Every structure is written in C-alpha cells, then in structure tokens.
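Since the structure comes first, as structure tokens, the remarks are kept for the end.
We did not get these values from a lab; they are worked out from the coordinates using the rules stated. Only a predicted model underlies this, so the values are computations on that prediction, with no experimental measurement involved. Don't worry about glycine lacking a Cβ; one is built from the backbone with ideal geometry, like all the others, and counts go over all protein chains shown.
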Amino acid sequence: MSSTRTRPYARGLAGALAAVVAMAAFSGCSVVDGLTGNDDPSATPSASPSASETPYESEFTRDGTFQSHIEIDGMDFVYTLYPTKATPRTNEWYPKGNKYFTFTFQAYDLDRDIRDPFSTKREVYLQRIKVTSTVKTSTGTNDERPYELNAIAKEVTFDPEPLSTKRGMLITSPKGAFELRNQTIKPTADDTVGIDLTFTATVYVERRAGSGTFARKTIKQRVPIAIFASDQATEAQDIPVDAN
C-alpha cells in the first residue's frame, strides 16, 4: 500500500541536500549550479521577504522562498519556488504589472544515503508538469488565470538536453532536476489579495533500483502568494535571459 505525506522537512542527509537546493534558489543560482558548485560571484539575493502586514497568508511572500517535501513510499518530491531578480521584493508584488518567479522540482530516494552510488537509487522520470492559478480578491474568488502551464517537462525545462526516456526526463537527485526560470504572473483585478498556484506533476517512479519497472504517480502542491494593494504597478527590472 502506498504511503503519502507532506512534510516541512526531509529526513536525514536527503533533507540536508534539499535545504542546500533551497539556499541556492534563494541566492539566485540554478539548482544544477548549486549542486555542482558553479557559483556566480556576482549573484545577489533574489528575494526580499515582506516586512509589511501580509494580506494573504503565504510562506513564499513571508520568507522570500517556498519549499515543500512530499514523501511517497520513501521518495521525497521537492518543489522549490522563489521570485527572480526581475521582481525580487515580495512585499512589492501588486495587482498591476507582471511578477516573475522560478520553480524547480526534484526527487530524492530516502532509502539511500546521499553519497550512495546513483545506481543504487530509484530513478524518477517527470513526464508532464501542469500549473493552474486562482485569484483571491477582497470579496472572494474571480475567474482570472494569471499563470497557466501544461507541458511535456523535457520540452520546457531549462536544460536543453535533459536525461530522458519515453517516460519523461530524469529528476532523481543528483543526476536530474526540472527547472523553469522567469515565469510570468500576469496582472489581476485591483482588489486582488492573493494568488494560489497549484502544481501537478505526472511522474514515473522505479519500483526498485535497477528493476526497470515503474509506477505512475501524481504529485500536487498548492502555493499561496500574497498580493499587496497599491495604485502602482509591480516594477520589473530587465535581467539577462538566462538569469534567475
């Protein structure tokens, strides 16, 4: 029988590496760069946690980043989101103007130690990634959809040549990770107080390392984002196309 639970932290060394990924994200580095030690000396923090009264409860807005761990049968699925350098200050995300974020998705085999040979870990392949959005206003929910995504993962991820099979792209740490940079949340109604992003990943998980047999699973995560009232538009900075 499958065992599923959502946890704030992974256990053991896998959790420690996941935290490193989050810190890499917070500093504006890609997940792959963070794992390989390819540091960018010019990088500056890409998020400024909100010091204002938050109109909508949001870890993403409060902390300047969001990371969740979803454990299924000893496999830890990790979503990480952070605002990019285009709109880094989360307390200045207003209804008007575009807002930009980056997100990653990766899997860790908790049945193995971080330093164990990769061949002893179960492979996970991400086939499709879908994201929907819901706008929360001062009077309820409207029908705006400021961010939508429904794509074959290997066709849109930042890596132009991800390790892939017919089941999708490899996302088992440390060999693979899905990453999308500078995603645009479009303007919404003036009375918007929050936006919920719901992520749905379709993955294939190896039943046993080296077995070549896989189980299909769906990994979902809701991420609330606070939007602050203002007559101004969210101010976006020009950044390089490959920046975070």
Quiz item: What trypsin sites (Lys or Arg not before Pro) does the stretch 129-171 have in DSSP loop regions with at most 16 other beta carbons within 10 Å?
Solution: K166
Self-check item: Relative packing of peptides 101-114, 217-230 - highest average C-beta neighbours within 10 Å first
Solution: 101-114, 217-230
Quiz item: With each pseudo-label sitting 7 Å past Cα toward Cβ, what's the E57-R89 distance in nm, one decimal?
Solution: 2.7
Quiz prompt | Ranked list, fewest to most other Cβ atoms within 10 Å of each Cβ, for Y100, Y56 | solution = Y56, Y100
Self-check item: Rounded Å value of the spacing that divides the Cα centres of the stretch 191-244 and the stretch 58-101
Solution: 8
Quiz item: the stretch 56-109: which GluC sites (Glu not before Pro) are DSSP loop and have at most 11 other beta-carbon atoms within 10 angstrom?
Solution: E57
Quiz prompt | Computed E for A189/Q237 - FRET, C-beta separation, R0 30 angstrom, nearest 0.05 | solution = 0.75
Exercise. At 7 Å along the Cα-to-beta-carbon direction for both K166 and S230, put a label point, then send me their distance in nm to one decimal.
Key: 5.1
Self-check item: Qualifying aspartates and glutamates (Cα of each under 14 Å from Cα of K217; at least 8 residues distant if same chain)
Solution: E71, D73, D76, E123, E206
Practice problem: Any chance you could tell me what percent of the C-alpha pair distances in the stretch 112-201 go past 22 Å? | Solution: 44
